[in-house]
2 protein chains.
Amino acid sequence: MKLTKEQLDQFHTEGWLLLPELFTAEEVDLLRREAIAIYEQQRPEVWREKSGAPRTAFAAHKYNEAFRLLGAHPRMIEPVEQVFGEKVYLHQYKINAKSAFTGEVWQWHQDYGTWKRDDGMPEPRAMNISIFLDEVMPINGPLMLVPRSHNAGDLKASHDLETTSYPLWTLDEETVSRLVKEGGIVAPTGKAGSMLMFHGNLVHGSAGNITPYPRKIVYLTLNAVSNYIRKPTRAEFIAHQDFAPIEPVDDDALIRLARAQRQAA
Amino acid sequence: MKLTKEQLDQFHTEGWLLLPELFTAEEVDLLRREAIAIYEQQRPEVWREKSGAPRTAFAAHKYNEAFRLLGAHPRMIEPVEQVFGEKVYLHQYKINAKSAFTGEVWQWHQDYGTWKRDDGMPEPRAMNISIFLDEVMPINGPLMLVPRSHNAGDLKASHDLETTSYPLWTLDEETVSRLVKEGGIVAPTGKAGSMLMFHGNLVHGSAGNITPYPRKIVYLTLNAVSNYIRKPTRAEFIAHQDFAPIEPVDDDALIRLARAQRQAA
């Protein structure tokens, strides 16, 4: 799994890259079933919207075998190692629900702002990865990205503890307007199994979802090992402190698990 | 201004029809400027979101010359008369703001439900018209329609007085899921000046808008004169009681006003 020169160029210029249907329907079906089962659990890693619907589940690689394999999958890891030129570890691992009918907003923000302020991460050498577990459509609250905004550096932000159930360092309207005027907005869409990579400083957000179509994505942060966090303040299940480089599993690991589950059923 | 047989067929089968760029840039620029000026006024017809941003302005045809001309414009009136086979009057006239950054949700609903319950309208022989004052994009909270749902009749609804600043008879998730399974969802987009017509029983809603792009639309209801409302309960500026048929103005009336304003400037 190697990115082409064109793909690398797009990532560096625009700040994002979509790899359509990188995972197969069989692999994604397994992950989707497991995600739904995780959301039904009452545990501190599962956070909910004001409505009670799931918003995100943290650190599923630590308590779910399918998500453990995904978190070390070579199709995900290798492109990121290629960009950073070194091994990576898992800084954060979430399954974001954006539930049907009630999925709430994520306000405009940069992720590196949070990693720096809350976790003491030295540089924006960590990659955001979104793996679609449902089809992402224009109408079910896709991630919206401001292309090229990763060049704007670490922008002034305010800690929003009010708007939603998730505390977030958000950008002001003037800053977002200026960056959108320069770069526009893209909302990459695609079938389940697609993977979106984007820069830790890329400005992004997502609107609410009022459709009957849920929009679950796995949302991971892969940090370059040399860029490990220096001043953790958040719980270990939110910002991990195991800085050992990920050793990729076999490419067919998820498929084998899916087939083993079917035989056992 | 006559609809073709294909256009009429689409309206009757799908419940909606988009007429791209029916009004010119010059006409829409005038209306957009006037809408912004109206939103700045403190008056009972201008309703606001919880954030203070404008949500909608009622009955602008009664206090604004440009919107008076739009409300009697032959390019809007004639297609509706053609569908109903009789003259029409203005039942409701709103300019919906869906403001940049803060524009709120409109939950899933049918408009005829409100007209029947609150206004005593005998039949769903009233047409919803949306005229785009800004470009409507997939990302700035476009109207979402459930095609063919106008055949489902008048569906059970609950009066939502909580979710937003506007009281609305909304549909439950089970009903919306069933209708979307049958008909899907469309979110017609287009340049400013485009006009969307849809059936009074067509299920629709719109998500919030977190982008820097406002999405102002004029949202009118044209009722067949014979179908005038029998039991008004809402204020006159919300559900009008002047049932006189609209006499269309000249096709160039808006252009002439725009040019007169420019000369006076």
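Some values worked out for this structure:
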read-out: Residue within segment B:137-149 that is under 18 Å from B:L202 (Cβ atoms), outside any strand (DSSP E or B), β-branched (V, I, T) and within 12 Å of chain A (Cβ to nearest Cβ) present; value: yes
read-out: Residue match in segment B:198-218 (condition: among the small types (G, A, S), closer than 21 Å to B:F23 by Cβ, more than 14 Å from every other protein chain (Cβ to nearest Cβ) and within 15 Å of the chain's Cα centre (by Cα)); value: no
read-out: Condition broken by A:V249, with the remaining ones in (1) in a loop (DSSP other than H, G, I, E, B); (2) surrounded by 23 or more Cβ atoms within 10 Å (Cβ to Cβ) satisfied; value: (2)
read-out: In segment B:182-202, the residues that are hydrophobic (A, V, I, L, M, F, W, C), within 14 Å of B:P142 (Cα to Cα) and assigned to a loop (DSSP other than H, G, I, E, B); value: B:I185, B:A187, B:A192
read-out: Residue in segment B:98-126 that is farthest from the other protein chains (Cβ to nearest Cβ), counting only those that are over 30 Å from B:K156 (Cβ atoms) and not β-branched (V, I, T); value: B:S99
read-out: Some residue of segment B:168-187 being away from chain A (no Cβ under 12 Å) and either of a type in the set (S, T, Y) or farther than 28 Å from B:F101 by Cα (or both); value: no
read-out: Any hit, segment A:157-165, residues being within 14 Å of chain B (Cβ to nearest Cβ), in contact with a strand residue (DSSP E or B) (Cβ under 9 Å, 6 or more places away or on another chain) and surrounded by 14 or more Cβ atoms within 10 Å (Cβ to Cβ); value: yes
read-out: Of residues in segment A:15-60 being touching a strand residue (DSSP E or B) at 6+ places or on another chain (Cβ under 8 Å) and among the acidic types (D, E), the one farthest from A:R75 (Cα to Cα); value: A:E49
read-out: Condition broken by B:S226, with the remaining ones in (1) buried (at least 20 other Cβ atoms within 10 Å of the Cβ); (2) of a type in the set (S, T, N, Q); (3) away from chain A (no Cβ under 14 Å) satisfied; value: (1)
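Every number here is computed from the coordinates shown, using simple stated rules; none is lab data. Predicted, not measured: the structure shown is a model, and the values here were computed from it. Here the Cβ is made from the backbone with ideal geometry for all residues, glycine too, and neighbour counts use every protein chain on show.
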